[in-house]
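The structure appears right after this line, and notes come after that.
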Amino acid sequence: MIMRRFHNSMAVGFFMGSIVAVSQMFFMLFLVYLGYSHDERDAGEDGQNSIQELWMSMFALVQSILLGSFAAILAAHRSEILETPAKEMGMGEDKMGAHAGAEQVKKGRT
């Protein structure tokens, strides 16, 4: 929704920063769940909670990697997402060139 509607530099930068922040949050969750899993395993308590927290830590790591790679791809291609002034007016370079040529033809006829 954001990438389809807002194409200015502030919106793309805010979106990219939000993605990086969420990616870092999932990485921190990975570390927290991994620590809880090791603590329960070392305490010798029921192994079921340790396995669940290990799975949650792996899920958080995968989510962090996916979001981080999306942020990197977005950063690499942000110039293609941003609108140039010609795109904002609804005119591409070819339309502007054709329009300028038509104006010269009209001036030449009169």
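No value in this document is a laboratory result; all are computed from the given coordinates. What you are looking at is a predicted structure, and each value in this text was computed from that prediction instead of being measured. Counting neighbours? That spans all protein chains shown, and the Cβs are built from the backbone with ideal geometry, glycine included.
Model label points for ALA11 and GLU80, set 7 angstrom from Cα along the Cα-to-Cβ axis, are 1.9 nm apart. Pairs of Cα atoms in the stretch 3-42 fall into 5 Å distance bins, from 0 up to the last occupied one, in shares of 6, 21, 15, 13, 11, 9, 9, 6, 5, 3, 1 percent.
Across the stretch 61-70, rounded Karplus estimates of 3J(HN,Hα) from the backbone phi angles (6.51 cos²θ - 1.76 cosθ + 1.60, θ = phi - 60°) give 5, 4, 5, 5, 5, 5, 5, x, 5, 5 Hz, Gly and Pro being marked x.
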